[in-house]
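The values are calculated or read from the model by the stated rules, or taken from the named source; none is laboratory data. None of the values given here were measured: they were computed from a predicted structure. Note: ideal-geometry Cβ built from the backbone for every residue, glycine included; neighbour counts use all protein chains shown. We work out accessible area using only protein heavy atoms, side chains counted, and drop any ligands, DNA or RNA first. Shrake-Rupley method; radii C 1.70, N 1.55, O 1.52, S 1.80 Å.
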Amino acid sequence: MARRQRPCGLLLVLAAAAVLVAAGAQETCPGAPPRRGARVSVASFGGAGDGRTLNTAAFARAVASVERLRAPGGAELYVPPGVWLTGPFNLTSRMTLFLARGAVIRATQDTPSWPLIEPLPSYGRGRELPGGRYISLIHGSGLQDVVITGENGTIDGQGSVWWDMWKKGTLPYTRPHLLELMSSSDIIVSNVVFQDSPFWNIHPVYCSNVVIRNVTVLAPHDSPNTDGIDPDSSSNVCVEDCYISTGDDSIAIKSGWDEYGIAYGRPSSDITVRRITGSSPFAGFAVGSETSGGVQNVLAEHLNFFGSGYGIHIKTNTGRGGFIRNVTISDVTLDNVRYGLRIAGDVGDHPDNHYNRSALPVVDALTIKNVQGQNIKEAGLIKGITNSAFSRICLSNVKLSGGAPVRPWKCEAVTGGALDVQPSPCTELTSTYGTSFCTNSL
């Protein structure tokens, strides 16, 4: 099967980013990959990059060697050029996984051999089905100081076999991610291509101090639930300079699911997302819908989305509980997007029938400014929840146009303000109090 080529638009984005970096004209996430004291190659542990040999044991031996070396500053596991077929493997602390130019870590399609792990405690079950879930292709738990980087090598999930099972309803358990790091800190993911994940691509969960930069994430638009980057119950996360074109939300910030997320109680907080370009049949930038642990203190800026269902989608539901607050989204460019903006309290399913129907989420203090959109079909929807109206929603300098007149805003159970918004904002966002908040928040 022919492999997908990197889109021309991505090359332009990366070239523009390189010019800006050279000019010193942009903010960037703090943190650089540490220098390691030793280096080993997966080829030295019986691995073969011929696209046919199964290298699961070779990767496991290589990671074990990295752990045993105890080199000053940790060690690097080098993946040479070639196609390295493998099943899932675990990383270790103080480790760099380095993919050379032309290196491909390719997931086996032997799904019955895929190990199962316990569901996340903040989800209570597999996200798709009751019970456990398949482990991610590259996995780690309880780690510190982990780097995944290289010379734009590829991590290929060969997800089509999993997508087909999902479409046919024959999945026995929830599909695996490409990369999941749990309860870990000091993580850098950079200069790698993630391709054709079975499920979500990059999933840091219960993590802190995470940097994801210069990453490309690709999957067909009809591939189910192939979210790009999903920070989940994690703090101090920075995502920047990425190109994402997948079958679901490009970026979605989460924090647990209904009663399980409420009980676990770990929010996603202090998250920065900047200079993201991409396309998706769903959202470019999203929060939710699993937000039961809360999401707060988020800045997303300099976003460019095209050919997408939603530019910005903030989503939750009755029974979620939790909160979404102190979120600022600015400097967004949209082209050929159905909804410019959607903030809704009726999105997403439930893990079981035991969720608390009285657990209403709080959505408060969202500022969305400097949004320019062309070829937009509908301005958007802001729909709160009865008995838990969304409050202090501020729209400023939001201008959406289309070849035909853009369908107007629809609002319900929301208060806030709007300044310089086209099409004209709904009346719920034109109160004196709301306009005052909006002015102050800017």
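The figures follow:
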| read-out | value |
| --- | --- |
| Candidate set: the range 406-434, residues that are among the polar types (S, T, N, Q) and assigned to a loop (DSSP other than H, G, I, E, B); chosen: the one modelled with the highest pLDDT | 424 |
| Test: residue in the range 6-22 that is part of a loop (DSSP other than H, G, I, E, B), among the hydrophobic types (A, V, I, L, M, F, W, C) and either surrounded by 14 or more Cβ atoms within 10 Å (Cβ to Cβ) or modelled with pLDDT under 95 (or both) | no |
| Boolean, residue 384 is closer than 18 Å to residue 283 by Cβ and buried (at least 22 other Cβ atoms within 10 Å of the Cβ) | no |
| Among residues of the range 252-273, those that are among the aliphatic types (A, V, I, L, M) and open to solvent by 10 Å² or more (accessible area, probe 1.4 Å), counted | 2 |
| Candidate set from the range 56-104 (those that are under 24 Å from residue 156 (Cβ atoms), open to solvent by 20 Å² or more (accessible area, probe 1.4 Å) and of a type in the set (S, T, N, Q)); member that is farthest from the chain's Cα centre (by Cα) | 56 |
| Unique residue being in contact with a helix residue (DSSP H, G or I) (Cβ under 6 Å, 6 or more places away or on another chain) and not in a loop (DSSP other than H, G, I, E, B) when the list is 85, 77, 97 | 77 |
| Given (1) on the phi < 0 side of the Ramachandran plot; (2) more than 13 Å from the chain's Cα centre (by Cα), index of the condition residue 236 fails | (1) |
| Positions within the range 27-45 being open to solvent by less than 70 Å² (accessible area, probe 1.4 Å) and either over 30 Å from the mean Cα position of the chain (by Cα) or aromatic (Phe, Trp, Tyr) (or both), in sequence order | 37, 38, 40, 43, 45 |
| Number of the exception - residue 314 against (1) in contact with a Ser or Thr (Cβ under 7 Å, 6 or more places away or on another chain); (2) open to solvent by less than 10 Å² (accessible area, probe 1.4 Å) | (1) |
| Segments classed as strands (runs of 3 or more DSSP E), wholly inside the range 155-267, with at least 3 members that are in contact with a Cys (Cβ under 8 Å, 6 or more places away or on another chain) | 208-213, 235-245 |
| In the range 352-361, the residues that are touching a residue at least 40 places away in the same chain (Cβ under 8 Å) and surrounded by fewer than 17 Cβ atoms within 10 Å (Cβ to Cβ) | 352, 354, 356 |
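Residue by residue, here is whether (1) in contact with a His (Cβ under 9 Å, 6 or more places away or on another chain); (2) under 18 Å from residue 28 (Cα atoms) holds:
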position: 171; (1), (2): no, no
position: 175; (1), (2): no, no
position: 179; (1), (2): yes, no
position: 186; (1), (2): no, yes
position: 195; (1), (2): no, no
position: 198; (1), (2): yes, no
position: 218; (1), (2): no, no
position: 226; (1), (2): no, no
position: 253; (1), (2): no, no
